[in-house]
Each structure stands twice: as C-alpha cells, then as structure tokens.
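Shown next, in structure tokens, is the structure this report addresses.
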Amino acid sequence: MILVTGATGHLGANLVRRLLADGDEVRVLLRKPAKASEALAGLSVHEVVGDLRDPYAVAAAVKGCERVYHCAARVSTSARGHREIFDVNVLGTRNVLRAAGQHGVRRAVVTGSFSATGAPVGRAAVESDLHYPFAEHTPYTRSKVLVEHECCKAAAQGIEVVVAVSTAIIGPHDYRPSRMGRVLLDLAHGRLRAYLPGGFEFVSVADLVQGHLLAMEHGHSGHKYLLSTEFRTVDQMMDLFSQVTGQPRPKLRVPAGAMAALARLAEGPRAVLAPDREARFTPAAVRFLRSERRADCSLSREVLGYRPTNIADAVEQAYRSFVDRGLVQRRRHSAPAAGRSDGAVPPHSATDRRSQGVRAR
C-alpha cells in the first residue's frame, strides 16, 4: 500500500494516476472528501479523511503503508497566513515522518520547493546551496526550508526520507488550477491582456512524477534532488501558450519594475476586500520571475537516473486536459507542440496511462 498526501493537487493527481497505472494500491489522505470529487473521480483509491495537523489522523493514514509520498502543502506567494502555512507545511510534515517511523514505512518522499534552495550569483543553483534567511522571503518559502529541516532530523533518527524538489509545474490534471494553468486558460479565452517579462525553471508534471518515483527507489536518505525540465523565459512560455490555444500573444509587456510596484500597492486593499483570494501577481510572484533563477539537475541525473523531457509537450498536455474537462473549446486545427512532430504524449504521461489500471471507485 502506498499513501499519497495532497492527492487533489497538481502533482498528487498525476502521481496517483501513475501509481495506479503501474499496478500499485493507493491510499489518499483527504482533508475534505468533497474536494476530491473531480481530481480523483473514477479512480480506485482508498480514501482516509483527516487533517495533516492532526497527528492521530495522520498516523491512521500511514499505518499499513510501505511507502509514503508527502505532496501536500499550503502553497502561497502571499505575505499573509503565516500560522496556517507553518502548521500545515511544517507540523504536517513532522506528523507524517513521525508516523512513518512508528509504523515501519520503508521510505517517504517529501516534495520540496526550489524557493528553499539558495540562490547563488552567476550560476545555476545546486542542492548544496544554502538558503539565505535574511533576504525577503514569503512565509511559504520559510516553511519549506523548515520542512527540509524536519526531513534531515527524521533521517538522523533512522527514518528513510528523501526530498524531491519541485520547480514551477505545468501539465495535465491541473484541477484547481495552478498559477500557470490559470494563465493558459486566460489566454485560451482571450482574457490575458498583458504579461511581465522574466523567466523560471519549469517542470513537466510527468517529469516531476517520474522524479518522485526515482527518488523513492534510488535517492539517498536525508538528501534532496532538484527536478526541473528546462528554463524558459515568460516570452517563450507565451509563445507556447499561443501555439496550443491559437490565440495571439498579449501585446502589452509590462515592465517588471512597474508590475512589482503595482503588486505592492494592491496588497493592502486586496487584504481588506478579498482576504481569502490568492492574487495572480503578488510582489513575491513578480520577484520570482524577475530573478530568472536556474537549476542544475546534474545530481538528479547522476544519482536518480532522471531524464527530463521538454516543456512544449507539457503545455500541449495541459491544454488538452482543460479541453477534455470542458474548460476551453479546442480550436479546429490544433498543431502539435514544438519538440514533437506527432503531438503524442510521452511515455509515463498520466494522460495516456489514465485508462490503464484505473477502475471505478
């Protein structure tokens, strides 16, 4: 039995489909069963209802499982919500790892964030780059640094745990949807009027799933591994989005400095008028894009055997998934994404595999 937390999220929904396609028996920990209605609909999974912040509920979910993929997290680029982010991300991880130790779990893989890795000047980041705590960071980033600390402490106590570090995810089964998923939908509906320059490391969700499976089998306990498919500028991503949707790229390219100032000005009013709504471009989100951080995945290639594909395929799969769910109308002559002549989904993709080994719940 394999436990997956965060199964309704972008990574979790794809990971569950891959595990089922591989013939594994999967248990999922859900905070609210109703939230799983679309992300897990029709999948043969064992549902356990509980909150990561409740150690007894977590222990009940972990008991009887041989492996654990801890993908759940409270993700935010906002400067607010410190307590919930800490409790869910840090204490939740502690609860999962303690339960793993108590119930003899063979190994746990915890999803990490690239933001928790140090940002060296003049080169791509590697796993050993230390996080600099005195710079401006979001509560989420700080929490993910502490998540890595919890993993190291657990490893020191003899618990087998590996951190699989995610960059910006793009791909199918994006049910919430993610920040990049919303941008793709906005462009498809002709609602995206402007964008800001910058760049980031993007990871195909199929590559990220594969990286987690490889970390489970080949990773060294107490270590972390960066997982990215490739660096892309925002202009390049807009070109890919335009290609798959058939919509023109927005003409307005807002200077990053101006966007950062606008995001800061909007923080106060948004906190009052829409306190529960995550802003599309927070100051932190703008800062991430402006940093144009790069990741060196050499360690993942050498130790795990990680072989990333390309982002163009992931964008095409994300778009097709939205079309299949009726969120956007497919254009009549949709060309295959750049990098593939046939538009086919790569091996190990959840899109092709979801009809294999998946049974009605």
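Odds and ends about this structure:
- The modelled label-to-label distance between residue 189 and residue 134, using points 7 Å beyond Cα along the C-beta direction, is 4.6 nm.
- Positive dipole terminus of segment 116-181, leading residue within 138, 149, 161 (C-beta point charges): 138
- Per residue, the solvent-accessible area of segment 83-205 (1.4 Å probe, heavy atoms of protein chains only, all protein chains present) comes to 39 Å².
- Interchain or long-range residues, amide H under 5 Å from residue 119's placed H: 132
- Given +1 at the Cβ of Lys and Arg, -1 at the Cβ of Asp and Glu and no other charges, the dipole of segment 1-98 around its Cα centre is 340 debye to the nearest 20.
- Full-extension gain in nm, residue 242 to residue 41, via 0.36 nm per residue minus C-alpha separation: 69.3 nm
- Segment 116-252 - percent of accessible surface contributed by carbon and sulfur, probe 1.4 Å: 55 percent
The values are calculated or read from the model by the stated rules, or taken from the named source; none is laboratory data. Worth saying up front: this structure is predicted, and the values here are computed from it rather than measured. With ideal geometry, Cβ positions are generated from the backbone for all residues, glycine too; neighbour counts draw on all protein chains shown. Surface accessibility is based on the protein's heavy atoms, side chains included, excluding ligands, DNA and RNA. Shrake-Rupley method; radii C 1.70, N 1.55, O 1.52, S 1.80 Å.
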